[in-house]
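Nothing in this text is a laboratory measurement; each read-out follows from the coordinates by a stated rule. All values reported here derive from a predicted model rather than from experimental measurement. FYI the Cβ positions are ideal-geometry reconstructions off the backbone, even for glycines, and counts take in every protein chain you see.
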Amino acid sequence: GFNQAGSHHIVSIDHCPISSDGIMSKLEPIRRVAAAIATSAEPFRVTVLETLSGLDLAFEGVKKVGDKERRTVTEVVLALRGGIARVSSDGEILIEPQKPEIDFSGVRVSPPAGGFTQATKPAEDAMAELVLAALGKAKRVADLFAGSGTFALRIARQAKVHAVEGDEKALKALDTAARKTQGLKPVTVEKRDLFRRPLMTSELKVYDAVVFDPPRAGAEDQCKELARSGVKTIVAVSCNPTSLARDLAILTA
């Protein structure tokens, strides 16, 4: 449901106008799984991802998931006979009848449980279209804060890509998808905390374009290195206008 204004009280809903029909049609099964896994009154969070093989339910903050809860969750999911691909708690998979997969313009990716994705498919596609258009005819691209490959795997249709990401599970999903998909240009991956160790000017010289899409904190230190580099094209994607303005100021100056 929704939080009541100014309180922690949850108001039950039967429809959410900004959620996909695929999620809304499974609202009752989601409630049943939640009731099976979260048996105390403690607050918890569940993220629902609509995938090609069914819904991926990722719970966070459930204090205790014992054998009894696992059995109940399994019984509920199997009784549904489809529709739910995976249930996890704090990254641990409780049941996975089908491997969840999402589609990045023809590249099938199995994201990690609870992993980051864009909020909606239409928005993701629109963003990717803008990124690809901005890259033009770049031949070698670095995709920084690459996640599970939202941009990197699309870029690989037209250019060599080096994908850099700090989350090992997300990077593994990207790498696996790239290896399994025919018709892509070479994709290399690097696990690296870009907040602590941004790509240095000397490392950036081999790329003719860089894409970066950081968390809300932005990419201040990385932008300082980009500003000193000779990279011809830089494409910035952001979910936070404040940190984006700061980062772009470094680059434009």
What residues qualify as long-range amide H neighbours of Leu94, i.e. H under 5 Å apart, gap of 5 or more or another chain, H built at 1.01 Å from N? Val87, Ser88, Ser89
FRET efficiency for Leu251 and Met127, using Cβ-Cβ distance with R0 set to 22 Å, rounded to 0.05: 0.70
Modelling each spin label as a point 7 Å along the Cα-to-Cβ direction, I'd like the Ser202/Cys239 distance in nm, to one decimal. 3.5 nm
Computed over the chain, the convex hull of the Cα set has an average projected area, in nm², of 15.0 nm²
³J(HN,Hα), Karplus 6.51/-1.76/1.60, whole Hz, each residue of region 193-199, x for Gly, Pro: 7, 6, 6, 8, 9, x, 5
Check Ala163: other-chain or 5+ apart residues with amide H under 5 Å from its amide H, H built from backbone geometry? Asp143, Thr188, Val189, Glu190
Lys139 and Phe195 label points (each 7 Å along its Cα→Cβ direction) are spaced in nm at 3.7 nm
Binned at 10 Å starting from 0, the alpha-carbon pair-distance distribution of region 123-180 in whole percents comes out as 25, 55, 20, 0
Please compute the Cα-Cα pair-distance distribution of region 43-89 with 5 Å bins starting at 0, giving whole percents from short to long. 5, 20, 27, 27, 15, 5, 0
Per residue, how big is the convex hull around the C-alpha atoms of region 30-69? Give it to me in cubic angstrom, could you? 72 Å³
The chain, helix-only ellipticity at 222 nm - DSSP H runs n ≥ 4, -39,500 (n - 2.57), divided by all residues, nearest 500: -9500 deg cm²/dmol
Translational diffusion coefficient of region 2-85 at 37 °C, 0.692 mPa s, Stokes-Einstein with Kirkwood Rh over Cα pairs, in µm²/s as a whole number. 237 µm²/s
If you take all C-alpha pairs in region 171-253, what percent of them are over 20 Å apart? 40 percent
Mean shadow of region 69-158, computed from the convex hull of its alpha carbons, in nm²? 7.0 nm²
Once the piece of chain linking Ile18 and Arg31 is laid out straight, how much longer is it, given 0.36 nm per residue of separation minus the C-alpha distance between them? 2.8 nm
Please work out the FRET efficiency for the pair Asn3 and Lys64, using the Cβ-Cβ distance as r and a Förster radius of 22 Å; give the result to the nearest 0.05. 0.35
Putting +1 on Lys and Arg Cβ atoms and -1 on Asp and Glu Cβ atoms, find which of Val206, Phe2, Val131 reaches farthest to the positive end of the dipole of the chain. Val206
For Cα pairs less than 8 Å apart in space and 6+ apart in sequence, what is the mean separation divided by the residue count of region 66-174, i.e. the relative contact order in percent? 20 percent
Within the chain, the percent of DSSP beta bridges that are antiparallel, given to the nearest 5, stands at 40 percent
Can you give me the orientation-averaged projected area of the convex hull built on the Cα atoms of region 71-121, in nm²? 4.2 nm²
Lys, Arg +1 and Asp, Glu -1 on Cβ, resulting dipole of region 135-234 about Cα centre, debye, nearest 20: 440 debye
As a Kirkwood estimate from alpha-carbon pairs, region 91-238 has a hydrodynamic radius in angstrom of 15.5 Å
Specify the angular offset, from 0 to 90 degrees and rounded to the nearest 10, of the alpha carbon long axis of helix 168-180 from the longest principal axis of the alpha carbons in the chain. 80 degrees
For Lys232, which lysines qualify as cross-link partners when the Cα separation must be under 23 Å and same-chain residues fewer than eight apart are set aside? Lys137, Lys139, Lys160, Lys185, Lys205, Lys224
Treat every Asp and Glu Cβ in region 10-103 as -1 and every Lys and Arg Cβ as +1, leave all other atoms uncharged, and give the resulting dipole magnitude about the Cα centre to the nearest 20 debye. 340 debye
Say each of Ala79 and Ile10 gets a label point 7 Å from the Cα, pointing the same way as Cα to Cβ; how far apart are those two points in nm? 1.9 nm
Using a/c under 1.5 as the rounded threshold, could you call region 134-216 rounded, prolate or oblate? The axes a ≥ b ≥ c are square roots of the C-alpha gyration tensor eigenvalues, and prolate needs a/b larger than b/c, oblate otherwise. oblate
